[in-house]
Amino acid sequence: MSQIKERELACANCGTEFSRPVHQLVDMENEADSEALWQLQNGTFNRVSCPKCGTAGFIPAEVALHIPAEELVLVYVPNVQLMDEQQLGQSIGPIMEEFIVSIPEERQADYMLQPIITDEISTLQAAARGEIVADDLGAEGDDYDDEFDDDDQPPVLTEEEHQAILARRELIQNLFQAADSLERISMMRNYIMLIDELFLELLAALAEQAETVQPDLVPILQKIINEAEVILASSQG
Ligand SMILES: [Zn+2]
């Protein structure tokens, strides 16, 4: 059974709202998913064009890839490094539940409950093309505890770290609304306790994501990064 969900989208360029069906699960054994698999292999998966202005972009939506031959379930979760365990569960729980239910009971296996998470869609693309196998991802063996010790697993954030990230993300949102560089610098000076290495890391992650999702945001993000670096340097000096 294919898992397809209608997603509401808004064009990053002109703001036009539209909806598109998005695949949440690509099962390499399922004939119905063969077109989605092919799109994953050739890099056109979940790519959309705005019906009004034609601006193309990638939909950063969770998707699971099931590779029975490798006994591997690989799940793309955008921004997983910014999630705590609960948020990750909410993000992929419904997809994984529907997946397990779709497998006949006699064929259900432990590895299906131990998905490997990645925040890079390119990892799924490479796995779909057979360029990455389960061993590359540290998925060998049945030892559940080992899985959690693996570097590929997302870090679990403490409540304190989670709050720290939320506060900085809110500031970044506000900086986008600022009229110019002067206003942004003044805002950052007002929240100087939030301007630190973590703040720069979040900006860098956003900039990397924007390159594929919203390229028009990259210049402004780069300016904010430069301004934050200057402020951080002067506050430390
Ligand atoms: Zn548009």
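The values are calculated or read from the model by the stated rules, or taken from the named source; none is laboratory data. Bear in mind the structure is a predicted one, so any value in this text is a computation, not a measurement. Neighbour counts are summed over all protein chains in view; Cβ atoms, including those assigned to glycine, are modelled from backbone coordinates with ideal geometry. In case anyone asks, the SASA skips ligands and DNA or RNA and just uses the protein heavy atoms, side chains included. Shrake-Rupley method; radii C 1.70, N 1.55, O 1.52, S 1.80 Å.
Of the residues in region 212-221, how many are in contact (Cβ under 8 Å) with a residue 40 or more places away in the chain, in a helix (DSSP H, G or I) and open to solvent by 60 Å² or more (accessible area, probe 1.4 Å)?
2
Take L157 and decide whether it is open to solvent by less than 70 Å² (accessible area, probe 1.4 Å), modelled with pLDDT of 90 or more and over 27 Å from T44 (Cβ atoms).
Here the answer is no, as L157 does not meet what is asked.
Could we say that I4 is among the hydrophobic types (A, V, I, L, M, F, W, C), more than 16 Å from the ligand (Cβ to nearest atom) and open to solvent by 70 Å² or more (accessible area, probe 1.4 Å) here?
Criteria met by I4.
Within region 166-202, take every residue that is of a type in the set (A, V, I, L, M, F, W, C) and open to solvent by 100 Å² or more (accessible area, probe 1.4 Å) and give me the one that is nearest to Q87 (Cα to Cα).
Top of the filtered list is M193.
Any chance region 66-73 includes a residue that's closer than 30 Å to E170 by Cβ and surrounded by 13 or more Cβ atoms within 10 Å (Cβ to Cβ)?
no
Considering region 1-31 alone, what residues qualify as being closer than 18 Å to M96 by Cα and not in a strand (DSSP E or B)?
M1, S2, M28, E29, N30, listed by residue number.
Does I224 count as under 30 Å from L9 (Cβ atoms), surrounded by 15 or more Cβ atoms within 10 Å (Cβ to Cβ) and at pLDDT below 90?
When the stated conditions are applied, I224 does not pass them.
Does region 49-80 hold any residues that are of a type in the set (A, V, I, L, M, F, W, C), within 16 Å of the ligand (Cβ to nearest atom) and at pLDDT 90 or above, and which are they?
Within region 49-80, C50, C53 qualify.
Do we have Q163 as in a helix (DSSP H, G or I), at pLDDT below 90 and exposed (fewer than 13 other Cβ atoms within 10 Å of the Cβ) here?
It is true that Q163 is in a helix (DSSP H, G or I), at pLDDT below 90 and exposed (fewer than 13 other Cβ atoms within 10 Å of the Cβ).
So the check is Cβ under 6 Å with 6+ separation or different chains; which pairs have a first residue in region 14-27 that's charged (D, E, K, R) and a second one that's more than 16 Å from the ligand (Cβ to nearest atom) and modelled with pLDDT of 90 or more?
Hits for this filter: D27/D33; D27/H66.
Just to be sure I understand, how many residues within region 11-33 are within 14 Å of the ligand (Cβ to nearest atom) and open to solvent by 70 Å² or more (accessible area, probe 1.4 Å)?
So the answer is 3.
For region 57-64, indicate whether the set of residues that are in contact with a Pro (Cβ under 8 Å, 6 or more places away or on another chain) and either over 19 Å from T212 (Cβ atoms) or loosely packed, with under 13 Cβ neighbours inside 10 Å (or both) is non-empty.
yes
In region 115-144, how many are buried (at least 16 other Cβ atoms within 10 Å of the Cβ), at pLDDT 85 or above and assigned to a loop (DSSP other than H, G, I, E, B)?
Counting residues in region 115-144 that are buried (at least 16 other Cβ atoms within 10 Å of the Cβ), at pLDDT 85 or above and assigned to a loop (DSSP other than H, G, I, E, B) gives 2.
Going residue by residue through region 37-46, is there one that turns out to be hydrophobic (A, V, I, L, M, F, W, C), assigned to a loop (DSSP other than H, G, I, E, B), within 16 Å of S122 (Cβ to Cβ) and within 16 Å of the ligand (Cβ to nearest atom)?
The answer is no; no qualifying residue exists.
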